[in-house]
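No lab work stands behind these numbers, since they all come straight from the coordinates. Predicted model only: the values in this text are computed from it and were never measured.
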Amino acid sequence: MDKKVIIYTQETCGPCHAEKEWLKEHNIDFEERDIRKNAAYMNEAIELGASQTPVTVIEGNASKEVVMGFNQEKLSSLLGL
């Protein structure tokens, strides 16, 4: 897969844990950015328009898609699953 996946999370977020497990089940590599452990990640998530976690950024081929919340249908579509 030629797409980069970044997921903004926090430890107490149930949907974050569910999305990470879902990505692992589908063999999707991702970079996790915990917004509670790094203020820069918190600011990045806010700049993306986030009001909750998870926030997933999928970059590839000069495109950038942002998914708010754990939306399996949208993630599947964007990741070609």
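Worth a mention:
- Here the scattering of region 4-79 is modelled by Debye summation over its C-alpha atoms, one equal scatterer each and no solvent; at q = 0.18, 0.27 Å⁻¹ the log10 of I(q)/I(0) is -0.65, -1.45.
- Computed from Cα positions, the angle between helix 14-25 and the longest principal axis of the chain comes to roughly 30 degrees.
- Net length gained if the chain between Ser51 and His26 were fully extended (0.36 nm per residue, minus Cα distance): 6.4 nm
- Computed extension gain for Asp2 through Ala18, at 0.36 nm per residue and net of the alpha carbon distance, reaches 3.4 nm.
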